[in-house]
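**Q** This is the structure I want to talk about, given as structure tokens.
The values are calculated or read from the model by the stated rules, or taken from the named source; none is laboratory data. Here the structure is a predicted model, which means the values were calculated and not measured. Here the Cβ positions follow ideal geometry from the backbone for every residue, glycine too, while neighbour counts run over all protein chains shown. Ligands, DNA and RNA are excluded from the accessible area calculation, which covers all protein heavy atoms including side chains. Shrake-Rupley method; radii C 1.70, N 1.55, O 1.52, S 1.80 Å.
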Amino acid sequence: MAHKLPQISELQTLSKSSQTTALDLLFEPSPAIQSTLLPVVRNAKYSSYSELIDECRTALFDLASNSAPSKPNPALLSVVGSHPRLGSKRVDSAQSAAEQANLQGDGEQLAELNREYEERFPGLRFVVFVNGRGRSEIMNDMRARIDRGDFAKEVDAALQAMCDIAKDRASKLLA
């Protein structure tokens, strides 16, 4: 079933359920994302989805600013953890499944990198804007980020990737 975003000019006045559906399409279906970003949707009128997503980015980074690597904010971990693991055989979001299509294949190496990443950054999930890049390029990026070992930079990278993905999804869902 094809999903479509409502007109941005109508979003603020729609039901909470319709607003939640829009957020689910842009980001991922997640109670943590919904509770963090519904106020952004409801408290202002936007002229474009890009503008809305920029405000969502601010809210997500505010959430991150109330977190420390030694004691991460549980809501922040839930937001970042809402994205499926790269190369996972079970991906609930149709958008994520399509975005990760070129990562399919023998998943053992990618699964091992996911495990290593999550051991290095407890509570985080590797999130990247795939944007048509191939498996080896994504895995090299993952390896570099594991080796860098900076929890705060990982949070920033994950949140930025989520917003980049949302903008890409908005452009496709509005086409």
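**Q** Among the numbered criteria (1) loosely packed, with under 15 Cβ neighbours inside 10 Å; (2) modelled with pLDDT of 95 or more; (3) closer than 16 Å to A170 by Cβ, which one does H3 miss?
**A** Against the list (1) loosely packed, with under 15 Cβ neighbours inside 10 Å; (2) modelled with pLDDT of 95 or more; (3) closer than 16 Å to A170 by Cβ, H3 comes up short only on (2).
**Q** Of all the residues that make up region 124-175, how many are of a type in the set (G, A, S) and part of a helix (DSSP H, G or I)?
**A** 9
**Q** From the list G134, G149, which residue is touching a helix residue (DSSP H, G or I) at 6+ places or on another chain (Cβ under 7 Å) and modelled with pLDDT under 90?
**A** It is G134.
**Q** Hey, among E51, E10, E28, E55, which residue is over 27 Å from A157 (Cβ atoms) and either open to solvent by less than 20 Å² (accessible area, probe 1.4 Å) or out of contact with any Phe, Trp or Tyr (no Cβ under 6 Å at 6 or more places or on another chain) (or both)?
**A** E10
**Q** Looking at region 71-92, can you tell me whether even one residue there is touching a Pro at 6+ places or on another chain (Cβ under 6 Å) and closer than 30 Å to R135 by Cβ? Show your work before the answer.
**A** Filtering region 71-92 down to residues touching a Pro at 6+ places or on another chain (Cβ under 6 Å) leaves 91.
Keeping just the survivors that are closer than 30 Å to R135 by Cβ gives 91.
Yes, region 71-92 has at least one match.
**Q** When both residues are 6+ apart or on different chains and their Cβ atoms are under 8 Å apart, which pairs have a first residue that lies in region 143-171 and is at positive phi, and a second that is crowded, with 21+ Cβ neighbours inside 10 Å and part of a helix (DSSP H, G or I)?
**A** none
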